[in-house]
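Read the figures in this text as sums done on the coordinates, not as results from a lab. The model shown is predicted, which means the values in this text are computed figures rather than measured ones. Note: ideal-geometry Cβ built from the backbone for every residue, glycine included; neighbour counts use all protein chains shown.
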Amino acid sequence: MTQSPLLVRVLAEADAPAFRDLRLAGIAEHPEYFGAPYAEEEAAGLPLFEKRIRGGLPGDAMFGVFRGARMVGIAGMFRAASGTMRHRGTLWGVYVDPAERGEETAERLIRAVIAHARRHVDVLTGLVTVTNPRARAFYVRLGFGFSGIERKILKVGGRHFDQEILVMDFTGEAP
Ligand SMILES: CC(C)(COP(=O)(O)OP(=O)(O)OC[C@H]1O[C@@H](n2cnc3c(N)ncnc32)[C@H](O)[C@@H]1OP(=O)(O)O)[C@@H](O)C(=O)NCCC(=O)NCCS
């Protein structure tokens, strides 16, 4: 069967319901991979997702990957508000529908975020829970490198989780 084509684009506020559905699906699947609990995200409702889509600073953006008309993956970049940290982008909220994994879908999505980040910031940072080797391997394949470990950054179901800090440096400077 021929698949519908993939399209990656920046989300608009009208995409908030599908964005929310995917975000909640991701947290339900693996709460220890995400920085917010399901109940909080669900209770916040659509306004939170519309706000995330609008962003705060120039360069803040939410991307979606679509299979035909259906949103099948999400990923965002936001910048720190502080003047001395505004050169940093944070990759967040990465989730791709299980049926689309192992395909080009996630790579197309994150390459779009990387291309966007390159235009706005000097470094792009991501956090990966250490029990998520698949995401780690994926990011490393795309060019992210090890930067450190945040100990006990998440607590889910009474258990602490460390996250690895991964970074992509666009400056060309030696680390
Ligand atoms: C993370 C995610 C977007 C990656 O997309 P994907 O389509 O699964 O990625 P790919 O299949 O292209 O790449 C996965 C890599 O992990 C490898 N891999 C798969 N299972 C693995 C495992 N258990 N241990 C180690 N590596 C693994 C694959 O071989 C592949 O590496 P390679 O290309 O070097 O061979 C997707 O898996 C996802 O949405 N996961 C759930 C949410 C999530 O983890 N979000 C990230 C939060 S930081």
Checklist entry - Considering only G55, V128, S147, whose Cα is most displaced toward the positive end of the charge dipole of the stretch 6-169, charges sitting on Cβ of Lys, Arg (+1) and Asp, Glu (-1)? => result S147
Checklist outcome for this item: Residues whose modelled amide H sits under 5 Å from the amide H of V156, counting only those 5 or more places away in sequence or on another chain, are F161
Checklist entry - Which of the DSSP-defined H helices in the chain satisfy a minimum axial length of 15 Å, computed from C-alpha atoms, and a minimum mean Kyte-Doolittle hydropathy of 0.0? => result 16-29
Item to check | Compactness of the stretch 6-169 - radius of gyration and Dmax, Cα, Å | outcome: 15.0, 41
Item to check | For the chain: relative contact order, % (alpha-carbon pairs under 8 angstrom, 6 or more apart) | outcome: 19
Checklist outcome for this item: Between the modelled labels at L7 and I165 (7 Å from Cα along Cα→Cβ) the distance in nm is 3.8
Checklist entry - What length, rounded to one decimal in nm, is gained on full extension from E29 through to A69, with 0.36 nm per residue of separation minus their alpha-carbon distance? => result 12.1 nm
Checklist entry - Whats the longest run of the chain with zero GluC sites (Glu not before Pro) that are DSSP loop and have at most 16 other Cβ atoms within 10 Å? => result 1-102
